[in-house]
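Just below is one structure, and these are the notes that go with it.
What follows draws every value from the coordinates through simple rules; no lab data is involved. None of the values given here were measured: they were computed from a predicted structure. As a convention, Cβ positions derive from the backbone with ideal geometry for all residues, glycine included, and neighbour counts pool all protein chains shown.
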Amino acid sequence: MAKIPIVQDFIVDRDEDKCIHCQVCCRMCSNDAHTYDHETDRVSTDSQKCVGCHFCESFCPTDALTVRRNSSEIRQNASWKQEMLTWIAKQAETGGVLLTGMGCDQPYPIYWDHILLNASQVTNPSIDPLREPMELRTYLGQKPDRIELEDTKGTGGKVRLKTKIGNQLLLQTPILFSAMSYGSISLNACKSLAWAASEFGTFYNTGEGGLHRDLYPYGPNTIVQVASGRFGVHEEYLKAGAAIEIKIGQGAKPGIGGHLPGEKVNEEVSRTRMIPMGSDAISPAPHHDIYSIEDLRQLIYALKEATRYEKPVGVKISAVHNVAPIATGVVRAGADFVSIDGLRGGTGAAPTVIRNNVGIPIELAIAAVDSRLRQEGIRNHASIIAAGGFRTSGDIIKAIALGADAVYIGTSALVALGCHLCQKCYTGKCNWGIATQDPFLTKRLNPNIGARRLVNLLRAWSLEIKEMLGGMGINAVESLRGNREALRGVGLSDTDLHILGIKPAGEAW
Amino acid sequence: MMEEFMKKSRMDFRFSENDAGCANDVSRKTVADKDYRVPSGCGISGIMNEAGERFSGEAVMTSIALMRDRSNGLGGGFAAYGIYPDLASYYAFHLMCETEDARRQAEEYLKLSYTIMHDEPIPSREVKVITRSPILWRYFLKPREEALARNPLLGEEDLIAQTVMHINGQITDALVASSGKNMGIFKGVGYPEDIGEFYRLEEYKGYTWTAHGRFPTNSVAWWGGAHPFGLLDWSVVHNGEISSYGINRRYLQNFGYQCTFFTDTEVITYLVDLLSRKHRLPFEIVAKILAAPFWVDIERMPQEEKEFYQSLRMIYGSALLNGPFGVIVCNTETMLGLNDRLKLRPLVAARAGDFVYVASEESAIREICPQPDRVWMPRAGEPVIGRLRKDIPVADADADRPLASHQGLSAAIQNFDAASQGQSLRAAGQDVQADREVL
């Protein structure tokens, strides 16, 4: 029977004049796209196997290789796009659910690209961050509504606080590294994140992968996650982190659980996750002890009890239609911070159809949640961490102005480590040594260099945020947080503007 | 809901502006300044006699007149304390109304909750340069028992605040300029000295006076939008632009404050009211919230102070006023002069005997007090505080005000402030020692 051809995505051009048959590409490609033939002494390439990660290209000593998009197209039209035809072809072959990695790549509106920032002119001076302090320090956690002072009579006239503030996470910049589990990414990638978070004064998140022995020293900069599979969760783990995050949902795959294929469960992953080697690690879609908000409250307080109320406990939810009331319930259930993961949030593995069709953009979710918490007078009771597709410091500063306390970055952190967004994380064959457990591949990522690149990224983005703040005449990030007057929309509908709570560009105060 | 309402009211006003066509059209309204924020530069001046001796408004008019080029004739105003000694136990409401109908509506509303002990037009005289003015009326009000009993959780001052917000927000063409006891705000469109003359301020005697000359960037100017802004016995005159306005306003909404004027002075007033009256924090601490010290300076403080300031900033981050400002905030007992945390706008202070002076320029002080005992430049974020020594018989309700019971506390703050002084010095060349003494 005739089939729809599955057109290869990429073509690898080899300049035979430049190729010296050194076979570096053959050794480098985990997908076996390049092969060497002893008899002819030639290297040939099967472009069908290429995922477009450009690893061979960047290591070819003579620049003989060029990876480019395949311009050959199946007959497609505005409705039937090539990728859909390809999906059908694959599913007709296999009868399976299509998998993918990374965040949603579909052309939904990206509101960041329709929001513009303000700057000072004449009536208020801009502030030069090179000459004046520019403060990005951020505290995450529950805060009281007001401060109370002790009666000064008993203290000999000294001002003493009656109000005691619960433990907070202190961030030197309002950026954290998203939850990415050991298992889905390599230990070297985890180390890079942990070291960078430690050095810069922020946090990384274990995801559902447990905490590898080597990473315990970085506990003060670690958020440990408790997800539906409870992998790697034990008392020592909970106590090792600075905060605990209960994962209810993930932006890339709201409503479903996780799946780490057994191929990635080697000895170290097995020990860390407390599961047998080679077994699939399947996280259920719901927590089987959370069937409603009151159950969530019990888990929050169980974790607080287990850690003697010394650590903030947060809850991560994906941005779905009802996100604002859900977040309100989560805050009322006692969460110290709420992490919201939007439509474009990344993943190591998710069904393509879920990733591409479920959830809402993080921009709208931040605005809705922040507004709702304020309406209910409980915005102080928890911090909001936004996640899902922050590409530049511009996106981040806009998220803060919409109302987020801080943001999680995942994909952009991995890109800093070398990721080329090939979206094949679930295969475990990551050439860049990130989303793989193959020792031959993981050693490609040097955690010292990785950490340095991540610190560089945090520094660069923090400097840029300072520049933008200064331009607006603001010298502390809390004066921008929720300050939607700093934002204006372009090319947005009245409804979009209403939900975002911002004015259209051109309208003054 | 609230935001929706504001959006609606904004839209309405915007259309009316377009209809008017020309900004200087004399058919325009004189009262309402409810549509959008107008950035403005300004001159401010304040005088307080800490012994409570009352003096005429002439001094402050002379002082602000000297800074004529800091304003552009589109707004001027004064706040005066101690001017109604005979009616001191009643809330003095200064109303500005576009129409007689609006005044009657407001009056009917007032009658629901108050007994009107006395009311009259606010005296004024004709001044050549002031061609149009709204209806200006003052009411001396006593809250009715049943109005207070309606909601036992609300105090008398909350009732007043609600009344003011209702009239400003819901009654078209009527605004409450001031609502405190034994004090009043007199303001309008014009140079401040002309406004003072218009209101015959030289005929009043008060122990605290503040003045404001406005330089708005657009030509739309309403009487209601002039400074000072007032609520209860608070008055605020302000030179600057608050870049954190958006979050300050949203923060206040959490506590039930409706910002209907879209002005910086409004949010400053409400923030001070929230922190000082509702959260019962002394002025010294309020100043440290509005113009918070930098983290680098907090880090260098001794442990206890460090925790104190960390807590302040964590809890009240959204109340931080960011952007350039010099502001004078007054209530019955106090005059607070404060600069932003970088000192991006000018503010000078002086003392002479029982008098405390704060002004945008030193010249404005020397004009009325050529040889003060001391003149100094307060540092960024360092408050200048004048306190009434004599207990002015204003009202019983004020007896338990937080400020009165926190005198010891203020002294304590001075102590630890002084201790951390050496480290927290930012601006060079300023008279720190002199600065300390005034606190």
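The relative contact order of the range A:10-96, computed from alpha carbon pairs under 8 Å that lie at least 6 residues apart in sequence, is 33 percent. Extending 7 Å from Cα along the Cβ direction at B:E156 and again at A:D151 yields two label points whose distance is 2.5 nm.
Working note: Cα atoms of the range A:357-486, range along each principal axis, descending, whole Å: 53, 35, 23.
Look at A:L117, A:L193, A:L417 and count the other Cβ atoms within 10 Å of each Cβ; fewest to most, that gives A:L117, A:L417, A:L193.
Applying 1/(1 + (r/R0)^6) with r as the Cβ-Cβ distance of B:R200 and A:A505 and R0 = 56 angstrom yields a FRET efficiency of 0.75.
The stretch between A:S126 and A:Y301, if pulled fully straight at 0.36 nm per residue, gains 58.5 nm over its current Cα-Cα span.
Each Lys and Arg Cβ is given +1 and each Asp and Glu Cβ -1; about its Cα centre, the protein assembly as shown then shows a dipole of about 1300 debye. With a simple spin-label model that places each label point 7 Å from the Cα along the Cα-to-Cβ direction, the separation between A:N357 and B:R387 comes to 7.0 nm.
How many partner chain Cβ atoms sit within 10 Å of a residue's Cβ in peptide A:467-480, on average, as a whole number?
5
Output the 0 to 90 degree angle, nearest 10, between the alpha-carbon long axis of helix A:447-471 and the longest principal axis computed from the alpha carbons of chain A. Tilt relative to chain A: about 50 degrees. When the P(r) of the protein assembly as shown is calculated, the portion above 37 Å amounts to 53% of the C-alpha pairs.
Shape summary: the range B:339-386 maps onto an equivalent ellipsoid whose semi-axes, from the alpha-carbon gyration tensor, are 19, 11, 7 Å in decreasing order. Percent of Cα pairs in the range A:119-258 per distance bin of 5 Å, from zero to the largest separation: 2, 9, 14, 15, 13, 11, 10, 9, 8, 5, 2, 1.
Listed as lacking a disulfide-compatible partner in chain A: A:C19, A:C22, A:C26, A:C29, A:C50, A:C60, A:C104, A:C190, A:C419, A:C425, A:C430, by the criterion of no other cysteine Cβ under 4.7 Å. Please give the helix A:393-402 orientation as an angle from the longest Cα principal axis of chain A, in degrees from 0 to 90, rounded to the nearest 10. Approximately 40 degrees, to the nearest ten. For chain A, the relative contact order comes to 19 percent (Cα pairs under 8 Å, sequence separation of at least 6). Averaged over the residues of peptide B:303-310, the number of Cβ atoms from other protein chains lying within 10 Å of each residue's Cβ is 3.
Among the chymotrypsin sites (Phe, Trp or Tyr not before Pro) in the range A:31-126, those placed in a DSSP loop whose Cβ has at most 12 other Cβ atoms within 10 Å are A:W80.
Dividing the radius of gyration of the alpha carbons in chain A by their Kirkwood radius gives 1.00 for Rg/Rh. Which distance in nm do the two modelled labels at A:D280 and A:A92 give, with both placed 7 Å along the Cα-to-Cβ direction? For A:D280 paired with A:A92, the spin-label model returns 2.6 nm. Computed extension gain for A:S58 through A:I20, at 0.36 nm per residue and net of the alpha carbon distance, reaches 12.1 nm.
Taking other C-beta atoms within 10 angstrom as a stand-in for reagent exposure, A:I185, A:I354 fall in the order A:I354, A:I185, fewest first. With one equal scatterer per alpha carbon and no solvent term, the Debye-computed log10 I(q)/I(0) for the range B:307-359 at 0.14, 0.27 1/Å reads -0.51, -1.04. Which of the trypsin sites (Lys or Arg not before Pro) found in the range A:426-509 are in a DSSP loop and have at most 14 neighbouring Cβ atoms, other than their own, within 10 Å? Qualifying residues, ordered by number: A:K443. So which of A:K316/A:K424; B:K142/B:K278; A:K466/B:K278; A:K49/A:K443; B:K205/B:K278; B:K187/B:K306 end up more than 32 Å apart by C-alpha? Checking Cα-Cα distances, A:K466/B:K278; B:K187/B:K306 exceed 32 Å. Over the range A:233-323, what relative contact order in percent results from Cα pairs under 8 Å that are six or more residues apart? This gives 42 percent for the range A:233-323.
Taking a temperature of 4 °C and a viscosity of 1.567 mPa s, what whole-number D in µm²/s does Stokes-Einstein yield for the range B:138-179 with Rh from Kirkwood over alpha carbon pairs? So the translational diffusion coefficient is about 116 µm²/s. Sequentially through the range B:347-359, phi angles give Karplus couplings (6.51, -1.76, 1.60; θ = phi - 60°) of 7, 10, 10, 8, 10, 8, x, 7, 8, 10, 10, 9, 7 Hz, Gly and Pro residues having no value and appearing as x. Extension gain, A:E267-A:R160: 0.36 nm per intervening residue step, less the Cα-Cα distance, totals 33.2 nm. Each of the GluC sites (Glu not before Pro) that DSSP puts in a loop and that has at most 15 other Cβ atoms within 10 Å breaks chain A; the longest unbroken stretch is A:151-309.
What order do you get for A:V97, A:V12, A:V455 when you list them from fewest to most C-beta neighbours inside 10 Å?
A:V97, A:V455, A:V12
Counting only alpha carbon atoms, the long axis of helix A:187-200 and the longest principal axis of chain A meet at about 30°. Using only Cα coordinates, the Kirkwood hydrodynamic radius of the range A:10-96 works out to 14.6 Å.
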